[in-house]
Amino acid sequence: MKGEILGLHLESGADILYLKVVKAGGNNQTKRRFWGNEITHSGGAIIAYFLMDAHGKVKESETLNYLFPYNA
């Protein structure tokens, strides 16, 4: 059923976007002080994607890296 639906969209000239999260993660950091605690978070992800036309030709592709440093 899904194959039929995909085939109908490809016949109309639609493009296909393939997206994959290669790696993702993060950490929490707690600073303990006399007057209170401070909690910060750091995280990041590596994402790969490519865009194909209906004939299987790759129109665009890229691997993106995001890193967000510790913030309050």
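The values are calculated or read from the model by the stated rules, or taken from the named source; none is laboratory data. Just so you know, these numbers come straight off a predicted model, no measurement behind them. Reconstructed Cβ throughout: ideal geometry from the backbone, glycine too, with neighbour counts over all protein chains shown. For accessibility, only protein heavy atoms count, side chains too; no ligands or nucleic acids. Shrake-Rupley method; radii C 1.70, N 1.55, O 1.52, S 1.80 Å.
Within the chain, what whole-number % of the accessible surface is contributed by carbon and sulfur, with the 1.4 Å probe and all protein chains included in the calculation? The partial results should precede the final answer.
On the way: 3610 of 6250 Å².
Carbon with sulfur: 58 percent of the solvent-accessible area.
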Distance in nm between pseudo-label sites at ILE5 and LYS20 (7 Å out along the Cβ direction from Cα): 2.3 nm
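So what is the relative contact order of the chain, in percent, for Cα pairs below 8 Å that sit 6 or more residues apart? Don't skip to the end; give the middle numbers.
Working: 121 pairs, mean separation 22.1, N = 72.
Relative contact order for the chain comes out at 31 percent.
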Take a quick pass over the chain and tell me how many lysine pairs come in under 22 angstrom between Cα atoms, counting only ones 8 or more apart or on separate chains. 4
Placing +1 on each Lys and Arg Cβ and -1 on each Asp and Glu Cβ in the chain, then taking the dipole about the Cα centre, the residue among ILE39, VAL58, LEU19 whose Cα reaches farthest towards the positive end is ILE39
Please state the charge dipole magnitude for the chain, taken about the Cα centre, from unit charges on C-beta atoms (+1 on K and R, -1 on D and E), reported in debye and rounded to the nearest 20. 620 debye
Bin width 10 Å, alpha-carbon pairs only: give the P(r) of the chain as whole percents, running from 0 to the bin holding the largest distance. 17, 27, 20, 16, 12, 6, 2
